[in-house]
1. Evaluate the distance, in nm, between pseudo-label points positioned 7 Å from the Cα of E365 and of E251 along their respective Cα→Cβ axes.
2. Quick one: if you stick a label point 7 Å off each Cα along the C-beta vector at A296 and C73, how many nm between them?
3. Between A219 and S126, what is the label-point separation in nm under the 7 Å Cα-to-beta-carbon projection?
4. Taking amide H positions as placed 1.01 Å from N in the peptide plane, with prolines and chain starts having none, which residues 5 or more places from S177, or on another chain, fall under 5 Å of its amide H?
5. Counting other Cβ atoms within 10 Å of each Cβ, which trypsin sites (Lys or Arg not before Pro) in region 176-228 have at most 15 and sit in a DSSP loop?
6. Run the numbers for Y27 and R151: contour at 0.36 nm per residue of separation, minus the present Cα-Cα distance, in nm.
7. Quick one: of K255/K346; K137/K210; K217/K255; K29/K70; K29/K58; K137/K229, which pairs are farther than 20 Å apart, Cα to Cα?
8. Compute the Cα gyration tensor for region 164-287, then decide on rounded, prolate or oblate, letting a ≥ b ≥ c be the square roots of its eigenvalues: rounded whenever a/c is under 1.5, prolate when a/b is larger than b/c in the other cases, and oblate in all that remain.
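The values are calculated or read from the model by the stated rules, or taken from the named source; none is laboratory data. Being a predicted model, the structure only gives us computed values, none of them experimental. Virtual Cβ from ideal backbone geometry, glycine too; neighbours counted across all protein chains shown. When the accessible area is computed, the model is the full protein with side chains, heavy atoms only, and any ligands, DNA or RNA have been set aside. Shrake-Rupley method; radii C 1.70, N 1.55, O 1.52, S 1.80 Å.
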Amino acid sequence: MKVLRSRYSFIILLIFVSGVIQANADYFKCPKASRCYGKSIECPKACPSANSINKNAKICNVDCDSRSCKPHCKHPKAMPLPEKAEYFHCHPRSRCHGKLIECPHECPSINFSNKKAKVCYVNCESPVCKPQCRQPKPNCEGPGSACHDPRFIGGDGIVFYFHGKSNENFNLVSDSSLQINGRFIGHHPVGRDRDFTWIQALGILFNSHKFSIEASKAATWNSEVDHLKFSYNGEDLVVPEGALSLWCSPEKDVKVERVADKNTVIVTFKDSAEIMINVVPVTKEDDRIHNYSLPAGDCFAHLEVQFKFFALSPMVDGVLGRTYRPDFENPAKPGVAMPVLGGEDKYRTTSLLYADCSTCLFSPESGSNQETTSGTESGTLLDCTYGASAGYGIICKK
């Protein structure tokens, strides 16, 4: 009888322990950048743990970018190994003072390994020096951007508009060793007091080189057609279509990287600037909302751009460049829906690749000796190996 009672007690104990184990199932945590972030996802009874010391046991897993966010059991051998995190290297003269900053596991690489992947990026002029994930396209809500009916966000983070004039060129950034001009296209509806304008092309003077990128004119928009045209030192430049296609200048101081099959590139000028560029049309919805009254036969293909500068002097000028001066006081009035900054006369250039405006500072002979507000380590060459990069970060495996 005592033996039976002992056996029953043991069985009850096993049932209790089993219930406790099942009640203490793991909860799967999805990363911040995923769809399922913040949800409490309990692992199923068949695989109550997301980690197992038994190599033959199934473990709990969740597709964190799915709509359902449901857990399922998976054999460890079928799961891909996580990528080794890389480190983003901020340049020594930035606010982050040459720090090596580990990339998050949501975007462990500083290179665009495929056209849909986000990459690790650090704003090295930020006081926090924290890594973030970014898409390979301009952020029209970020500093240094110029999008739409030109809507700029200055280096000071303040939004302003500069309308310019259709079929004319205006200086966007002018410094001793860097000049960036924009060609404006547009339309002047009857009864309006100004042109509606967009940036159709950029012309860059960099040391002794000349580079241009433009959106080709199109009657109707077709996203399957590449609308980008390039030139380098007066010669047409062909950058083959396809994500991760790459071109470097012979001196390896200018680099063009396609980060989508068509219409999206990053252009880098050694120790000076990085420009993210995307070609878009003015859509029918844009036309309706803003009452552009666009004529038929032209979709006004134009550039969305975002600039990152590495070595601007305190005297930098230009429509956008002036907002990076330490002493610049933005005249844009807070609370105004569409603050417009003028200056067409002093920023107008006679050609896309000329530095002849009244405030232009470009002088390549003196550029190498200029005092800078920030910059990269001098003497480095651009990485022209296969695969697009996110600027001046360097790869340091864990």
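1. Taking the two extended label points, one gets 1.6 nm.
2. Computed distance between label sites A296 and C73 equals 6.5 nm.
3. My value for the distance between the label points is 4.6 nm.
4. It is S363, by chain and number.
5. R192, R194, K217
6. Taking Y27 through R151 to full extension adds about 40.1 nm, to one decimal.
7. Table pairs above 20 Å Cα-Cα are K255/K346; K137/K210; K217/K255.
8. In terms of gyration-tensor shape, oblate.
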